[in-house]
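**Student:** First the structure, then my questions, so here it is.
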Amino acid sequence: MSAALQHPMIGPYTVEEWLALDPPVDGSRLELIFGYLHLTPAPSGEHQFASSRLVRQIEDALDEAGRTGLYVVPAVNVRISTAWRTALIPDVVILNHEPSGASFAPDALELAVEIWSPGNTRAERDTKLAGYANAGVPFVWIIEQDDLRGLRLTAHRLTDGQYVGENVLEGKESAAVTAGPTPITLDLAKLQF
């Protein structure tokens, strides 16, 4: 961990200052929300399993659809807004250009996926969705992990500056998701043990 993280200034930080920080060595994620550092614990095994299996399903669907030039990448830095001093690390993204570099502008994203556990607050969820919408990310998928219900995926399409839920899958359901750069049949059972 860098000295800047061991003894951080109170803030606010700029996106450039955030990018200059060393990432946490313990696997936690350090995001920038309205100029202030937001540290979340390292993702759980269930979270990482779902993320890696989702990447595989999306890649297979893009290959089947012949969608070359799109790249599925887990956990990359996205500079949501310099003016709002906000930068996020979505769990999975689809980029419209090669994944070269340490961070990406929001116009490089075709899709952002957030996998949320019960520990994510409503304020955090709302802030991230608003950030993606204001940055013009065309599609956002939210996967909620719940010990009792299993998984729930809501696929959103950006319409008139707001996200509209277009597809909802629950439990171990398999269905086509149309809110994305191409229709993708997802099998939620494959994202769980």
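**Student:** In the range 139-162, what residues are touching a Leu at 6+ places or on another chain (Cβ under 8 Å) and either over 22 Å from LEU188 (Cα atoms) or surrounded by fewer than 18 Cβ atoms within 10 Å (Cβ to Cβ) (or both)?
**Tutor:** GLY150, ARG152
**Student:** Being of a type in the set (S, T, N, Q) and either at pLDDT 95 or above or out of contact with any Pro (no Cβ under 6 Å at 6 or more places or on another chain) (or both) is the filter here; which residues of the range 1-58 pass it?
**Tutor:** Within the range 1-58, the subset of a type in the set (S, T, N, Q) is 2, 6, 14, 28, 40, 44, 48, 51-52, 57.
Within the range 1-58, SER2, GLN6, THR14, THR40, SER44, GLN48, SER51, SER52, GLN57 meet the criteria.
**Student:** For the range 134-148, indicate whether the set of residues that are of a type in the set (S, T, N, Q), more than 26 Å from GLU59 (Cβ to Cβ) and out of contact with any Pro (no Cβ under 8 Å at 6 or more places or on another chain) is non-empty. Full working, then the answer.
**Tutor:** If we filter the range 134-148 for residues that are of a type in the set (S, T, N, Q), which is where we start, we get 134, 145.
Imposing the further condition that a residue be more than 26 Å from GLU59 (Cβ to Cβ) reduces the set to 134.
Within this subset, residues satisfying the condition of being out of contact with any Pro (no Cβ under 8 Å at 6 or more places or on another chain) are 134.
Checked the range 134-148: at least one residue is of a type in the set (S, T, N, Q), more than 26 Å from GLU59 (Cβ to Cβ) and out of contact with any Pro (no Cβ under 8 Å at 6 or more places or on another chain).
**Student:** In the list ALA155, ALA135, which residue meets the criterion of being in contact with a Ser or Thr (Cβ under 8 Å, 6 or more places away or on another chain), of a type in the set (Gly, Ala, Ser) and within 21 Å of ARG53 (Cβ to Cβ)? Working first, answer last.
**Tutor:** Details: ALA135 fails: within 21 Å of ARG53 (Cβ to Cβ).
Only one candidate passes the filter, namely ALA155.
**Student:** Here is a check on your reading of the model: is SER100 loosely packed, with under 15 Cβ neighbours inside 10 Å, of a type in the set (Gly, Ala, Ser) and not in a loop (DSSP other than H, G, I, E, B)? Explain how you work it out, then say what you get.
**Tutor:** On the way: loosely packed, with under 15 Cβ neighbours inside 10 Å: yes; of a type in the set (Gly, Ala, Ser): yes; not in a loop (DSSP other than H, G, I, E, B): no.
Criteria not met by SER100.
**Student:** Which one of these does PHE193 not meet: (1) in a loop (DSSP other than H, G, I, E, B); (2) free of Cβ contacts under 8 Å to residues at least 40 places away in the same chain; (3) surrounded by fewer than 14 Cβ atoms within 10 Å (Cβ to Cβ); (4) of a type in the set (A, V, I, L, M, F, W, C)?
**Tutor:** Condition (2) is where PHE193 drops out.
**Student:** Residues of the range 138-179 being in a loop (DSSP other than H, G, I, E, B), in contact (Cβ under 8 Å) with a residue 24 or more places away in the chain and on the phi > 0 side of the Ramachandran plot, which ones? Even if it seems obvious, please write down each step before you answer.
**Tutor:** Here is the first cut: in the range 138-179, the ones in a loop (DSSP other than H, G, I, E, B) are 138, 147-149, 160-161, 171-173, 178-179.
Add one more test, that the residue is in contact (Cβ under 8 Å) with a residue 24 or more places away in the chain, and what stays is 138, 147, 161, 179.
Passing the criteria: only GLY161.
**Student:** Any idea which residue in the range 135-173 is modelled with the highest pLDDT, counting only those that are polar (S, T, N, Q) and touching a helix residue (DSSP H, G or I) at 6+ places or on another chain (Cβ under 7 Å)? Give the derivation first.
**Tutor:** Pass one, the range 135-173, residues polar (S, T, N, Q): 145, 154, 159, 162, 167.
From what's left, touching a helix residue (DSSP H, G or I) at 6+ places or on another chain (Cβ under 7 Å): 145, 162.
Details: GLN145: 90, GLN162: 96.
Here the answer is GLN162.
**Student:** Here's a follow-up. Can you tell me which condition ASN77 does not meet? The list is (1) surrounded by fewer than 19 Cβ atoms within 10 Å (Cβ to Cβ); (2) at pLDDT 95 or above, and all the others hold.
**Tutor:** (1)
**Student:** Could you check how many residues of the range 111-137 are buried (at least 20 other Cβ atoms within 10 Å of the Cβ) and in a loop (DSSP other than H, G, I, E, B)?
**Tutor:** Filtering the range 111-137 for residues buried (at least 20 other Cβ atoms within 10 Å of the Cβ) gives 111-115, 128, 131-132, 135, 137.
Restricting the remaining residues to those that are in a loop (DSSP other than H, G, I, E, B) gives 137.
Looking only at that region, the number is 1.
**Student:** What pairs come out if I take residues in the range 33-59 that are on the phi > 0 side of the Ramachandran plot and pair them with residues that are in a strand (DSSP E or B) and at pLDDT 90 or above whose C-beta lies under 9 Å away, six or more apart or interchain?
**Tutor:** Correct list of pairs: PHE34/THR86; GLY35/THR86.
**Student:** Taking the range 140-166 on its own, how many of its residues are farther than 25 Å from GLY119 by Cβ and under 18 Å from the mean Cα position of the chain (by Cα)?
**Tutor:** First, pick out the residues of the range 140-166 that are farther than 25 Å from GLY119 by Cβ: 157-162, 164, 166.
Applying the additional criterion that residues be under 18 Å from the mean Cα position of the chain (by Cα) yields 157-158, 162, 164, 166.
Adding up the residues that qualify gives 5.
The values are calculated or read from the model by the stated rules, or taken from the named source; none is laboratory data. Since the structure is predicted, the reported quantities are computational estimates derived from the model, not experimental observations. Using ideal geometry, Cβ is built from the backbone for each residue, glycine included, and neighbour counts are taken over all protein chains shown.
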